[in-house]
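Take a look at this one; I'll ask things after.
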Amino acid sequence: MHSYLKAIGISNLISKRQLSDMVEKLPANQVFTDKMVYNDVEIVEKTARFGNDFGIIILGTMNGNEFDIDYYYPYANGMVMGTFNDLSLERQIEDYCYKGVCEDIRVGVSLIFHVQNSFSCFVKRMNGEKISRCSDICFTGISTDGKILFPLNIGEQAKKKRVIDNLNRNILIMAAKQGDENAIESLTMEEFDTNSMINKRIKEEDVFSIVDSTFIPYGIQCDRYTIIGDIKKVSESVNEVTGEKLYKLVITCNDIPITIQINKEDLLGEPLPGRRFKGVIWLQGKIS
């Protein structure tokens, strides 16, 4: 069973045979098939929808009239799109899926994510087409471990100052990447000041009253992250096959829009716009 199937409302799947049986029982208008021939092998991608905007993507090959499943994973469509530069794709060794990597100064680390429309990228690559390094991407965080935090008590003036500070910091980071020594020195001093402030406040305050947003790599898998972000929109849905209830949250994390898909049972607290989401996510992205 894939570790994140529960995020789309499938908790009891234990074998590929069960998955095949479940997909075969779906109405024809909920299963979409794409295919191509590569090295005399017919490669097939099936997208099985268990709701309006989530389901399972199955990759495999045709063996005569039999479809052999090689790999499958849950997906959920993102609701907000952002533009990112310096995008590069790397095909996974064992299958036809891709990892995407893009640099974003708002996060401070390279964003590594699982490409939802990997098969389309694979077909384009095999046909000799190039994928733009500047692309619109819908990010989705598939999660099985989340909780709701209350918002920070920040006044309007402080919010405006934070926006200006972030803009100035982004300008310094861009300059530092180009070798500007003054920018590097300014960023270093800013880090010292931030560490000093945190060390003083942490003695009397909870860490989540100091840190409002985080985006930190989690574990040894490159596309999993621990995040904290502000909730902008909340919607509920139901897996049409299992009946399990799900949440979809649109959040901003370090000013990056991410759509969170999570099972209602795995989320501690009541999500409302204005509150914060904290959890571990598997980051997916659909490249436009």
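Within the bounds of the range 81-94, is there any residue that is within 23 Å of Lys245 (Cβ to Cβ), part of a strand (DSSP E or B) and in contact (Cβ under 8 Å) with a residue 60 or more places away in the chain?
Scanning the range 81-94, I find no residue that is within 23 Å of Lys245 (Cβ to Cβ), part of a strand (DSSP E or B) and in contact (Cβ under 8 Å) with a residue 60 or more places away in the chain, so the answer is no.
Of all residues in the range 152-187, which are outside any helix (DSSP H, G or I) and at pLDDT 80 or above? Working first, answer last.
Going residue by residue through the range 152-187, those that are outside any helix (DSSP H, G or I) are 152-155, 178-180.
Leu152, Gly179, Asp180 - these are the residues of the range 152-187 that are outside any helix (DSSP H, G or I) and at pLDDT 80 or above.
Hey, another quick one. In the range 137-152, is there at least one residue being in contact with a strand residue (DSSP E or B) (Cβ under 6 Å, 6 or more places away or on another chain), buried (at least 18 other Cβ atoms within 10 Å of the Cβ), within 23 Å of Val211 (Cα to Cα) and of a type in the set (D, E, K, R)?
Scanning the range 137-152 turns up no residue that is in contact with a strand residue (DSSP E or B) (Cβ under 6 Å, 6 or more places away or on another chain), buried (at least 18 other Cβ atoms within 10 Å of the Cβ), within 23 Å of Val211 (Cα to Cα) and of a type in the set (D, E, K, R).
A further question follows. Given the structure, is Met62 of a type in the set (A, V, I, L, M), in contact (Cβ under 8 Å) with a residue 12 or more places away in the chain and surrounded by fewer than 16 Cβ atoms within 10 Å (Cβ to Cβ)? Before the answer, list the steps.
Working: of a type in the set (A, V, I, L, M): yes; in contact (Cβ under 8 Å) with a residue 12 or more places away in the chain: yes; surrounded by fewer than 16 Cβ atoms within 10 Å (Cβ to Cβ): yes.
Considered against the rule, which asks whether it is of a type in the set (A, V, I, L, M), in contact (Cβ under 8 Å) with a residue 12 or more places away in the chain and surrounded by fewer than 16 Cβ atoms within 10 Å (Cβ to Cβ), Met62 comes out as yes.
Quick check: is even one residue across the range 210-226 assigned to a strand (DSSP E or B), in contact with an Asp or Glu (Cβ under 8 Å, 6 or more places away or on another chain) and either under 29 Å from Gln92 (Cα atoms) or among the small types (Gly, Ala, Ser) (or both)?
Within the range 210-226, the first condition is being assigned to a strand (DSSP E or B), and the residues that meet it are 214-217, 224-226.
Among the residues that remain, those that are also in contact with an Asp or Glu (Cβ under 8 Å, 6 or more places away or on another chain) are: none.
No, every residue in the range 210-226 fails to be assigned to a strand (DSSP E or B), in contact with an Asp or Glu (Cβ under 8 Å, 6 or more places away or on another chain) and either under 29 Å from Gln92 (Cα atoms) or among the small types (Gly, Ala, Ser) (or both).
Give the residue that is most open to solvent (accessible area, probe 1.4 Å), with candidates limited to residues of the range 65-80 that are assigned to a strand (DSSP E or B) and not hydrophobic (A, V, I, L, M, F, W, C).
Taking the range 65-80 and keeping what is assigned to a strand (DSSP E or B), we get 66-76.
Those still in the list that are not hydrophobic (A, V, I, L, M, F, W, C) too: 66, 68, 70-75.
Working: Glu66: 115, Asp68: 62, Asp70: 83, Tyr71: 55, Tyr72: 23, Tyr73: 1, Pro74: 0, Tyr75: 14 Å².
Checking each candidate, the answer is Glu66.
Specify the residue that is least open to solvent (accessible area, probe 1.4 Å); the eligible residues are those in the range 241-257 that are touching a Leu at 6+ places or on another chain (Cβ under 9 Å) and modelled with pLDDT under 95. Give the steps one after another, and end with the answer.
First pass over the range 241-257, keeping only residues touching a Leu at 6+ places or on another chain (Cβ under 9 Å): 241, 247, 249, 256.
Among the residues that remain, those that are also modelled with pLDDT under 95 are: 241, 256.
Values: Val241: 72, Ile256: 2 Å².
Ranking the candidates gives Ile256 first.
The values are calculated or read from the model by the stated rules, or taken from the named source; none is laboratory data. Just so it is clear, the structure is predicted and the values come from calculations on it, not from any experiment. Using ideal geometry, Cβ is built from the backbone for each residue, glycine included, and neighbour counts are taken over all protein chains shown. The area values use the complete protein model at the heavy-atom level, side chains included, leaving out ligands, DNA and RNA. Shrake-Rupley method; radii C 1.70, N 1.55, O 1.52, S 1.80 Å.
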